[in-house]
1. Please rank 103, 1, 234, fewest neighbouring Cβ atoms within 10 Å first, as an exposure proxy.
2. Enumerate by residue number the GluC sites (Glu not before Pro) in the stretch 79-119 meeting two conditions: DSSP loop (anything except H, G, I, E, B), and at most 16 other Cβ atoms within 10 Å of the site's Cβ.
3. Check residue 66: other-chain or 5+ apart residues with amide H under 5 Å from its amide H, H built from backbone geometry?
4. Based solely on its DSSP helices, what 222 nm [θ] is calculated for the chain when runs of n ≥ 4 H residues each add -39,500 (n - 2.57) and the sum is averaged over all residues, nearest 500 deg cm²/dmol?
5. Please report the relative contact order for the stretch 9-143, taking Cα pairs under 8 Å with a sequence separation of at least 6, and give it as a percent rounded to a whole number.
6. For a quick check: with amide H placed at 1.01 Å from N, whose amide H comes under 5 Å from residue 267's, ignoring anything fewer than 5 positions away on the same chain?
7. Give the separation of the Cα centroids, the stretch 92-164 to the stretch 206-281, in Å.
8. Quick one: work out the % antiparallel among DSSP beta bridges in the chain, nearest 5.
Amino acid sequence: MKFDLHCHSHFSDGNHSPEFLIQRAIANKVTHLAITDHDCVQVFKQPVEVPQELTLIPGVEISCAWNGQEIHVVGLGINVEAQQLTAILDIQQQSRRERAATMAKRLASFTDYDLESYLESLPCISRTRSHIANFLVKEGASKNHQQAFKKYLSRKGKLYCPANWCDLETAISSINSAGGIAVVAHPSRYPFTRKKLLSLLSDFKQAGGAAIETAYSNLDPLARKKLEDACDEMDLYASCGSDFHSVENTWTDIGKFHSFNESKKNAIWNHPRWHFSHNTP
């Protein structure tokens, strides 16, 4: 079996349709794929044809706040119709729309760019800063994503607007209430010391979190070992995923990352709530 438990469609900040992700997974010999859009489960609320050789796992990636830091928590195996999860995602979506609208108004105050119309033209449900960066590059206001974030979207940027996310405990609770498994996404990407990371994981576990990602794209061997050690130390399950967004990002692809031994006792598919066998309808 081959797992990829973290990727994004065009319903959030990915560039491709769910159908493309499914076909890409099959081409790359992935047997279990979780589509985990940001604060959005639209993929699983419409008909999607899934070939017999692939098990599609319903998922989500919730942005939340912990000690003043934005943290992303993946939910795997969720019931996308669960009441508490649906309520939280509705609030998150409203917050995203308001944030993007504020940025659009600020941009319009000193340019003639129509960011709002651009966002309306996209298939996305979740509006993200990446969409705004794409627009700034398209209009020639920035040379690339990095410049767009630095000049416009970072804390010191001209368009910056703080996010208003739910807290860590709420994100975990909503995932658990939906029968899912809560996973800390890409832990090495947060600007944390080891002590602070362990503090996060302690609070995460105490709130009902179950796993962390210890294998994903662009993760060097030393960082991977540190995450594996932290996972073992905190007695958490280990998850994996590419965090795939686009074929244009050549450093990542669905199923293309250094994973761990599938027989590991703490692999997430050994979690009591994991119920996805290969070729499950």
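1. Working: 103 24, 1 11, 234 16.
Fewest to most other Cβ atoms nearby, the residues stand as 1, 234, 103.
2. Values: sites: 81, 98, 116; in loops: 81.
Passing sites in the stretch 79-119 are 81.
3. 71
4. Numbers: 8 runs with 93 residues, N = 281.
Estimated from H runs of four or more residues: -10000 deg cm²/dmol.
5. Working: 171 pairs, mean separation 32.0, N = 135.
The normalised contact order for the stretch 9-143 reaches 24 percent.
6. Amide H to amide H, under 5 Å and 5 or more residues apart or across chains, residue 267 pairs with 238.
7. Taking the Cα centre of the stretch 206-281 as reference, the centre of the stretch 92-164 is 31 Å away.
8. Working: 12 of 30 bridges.
Antiparallel bridges: around 40 percent, rounded to the nearest 5.
We did not get these values from a lab; they are worked out from the coordinates using the rules stated. These numbers were taken from a predicted model, which means no experiment stands behind them. Using ideal geometry, Cβ is built from the backbone for each residue, glycine included, and neighbour counts are taken over all protein chains shown.
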